[in-house]
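First the structure, in the form of structure tokens, and then the observations on it.
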Amino acid sequence: MAFPIKTCVICSEEFELRPDKPGFANRCPECSAQESTDTIAKQRLSADELKAQHEVNEARHRAIRDLLYRKES
């Protein structure tokens, strides 16, 4: 059975879409591999960066909650 031929949205090269291919279905394996190494590098944050990110997320959740559940007066 032949695999479908797709075109990568990043580099515009054609590739076979195989069931065991990692990454997105519209990106070639090379572009998917580059993105996975970029996300690994981004995951390593210092304690201060993690605390700041946590505070920002808390503020965002609080604002969304207030908007969703406020009583109309």
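The values are calculated or read from the model by the stated rules, or taken from the named source; none is laboratory data. Being a predicted model, the structure only gives us computed values, none of them experimental. All Cβ positions, even for glycine, are placed from backbone atoms using ideal geometry, and neighbour counts span all protein chains on display.
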_THR7, sole failed condition from (1) in contact with an Asp or Glu (Cβ under 8 Å, 6 or more places away or on another chain); (2) at pLDDT below 85_ = (2)
*Pick from the range 27-52 the residues that are charged (D, E, K, R) and within 30 Å of CYS8 (Cα to Cα): which of them is modelled with the lowest pLDDT?*
ASP38
*Scanning for something in a helix (DSSP H, G or I), modelled with pLDDT of 85 or more, under 20 Å from the mean Cα position of the chain (by Cα) and surrounded by 11 or more Cβ atoms within 10 Å (Cβ to Cβ), does the range 53-67 turn up at least one residue?*
yes
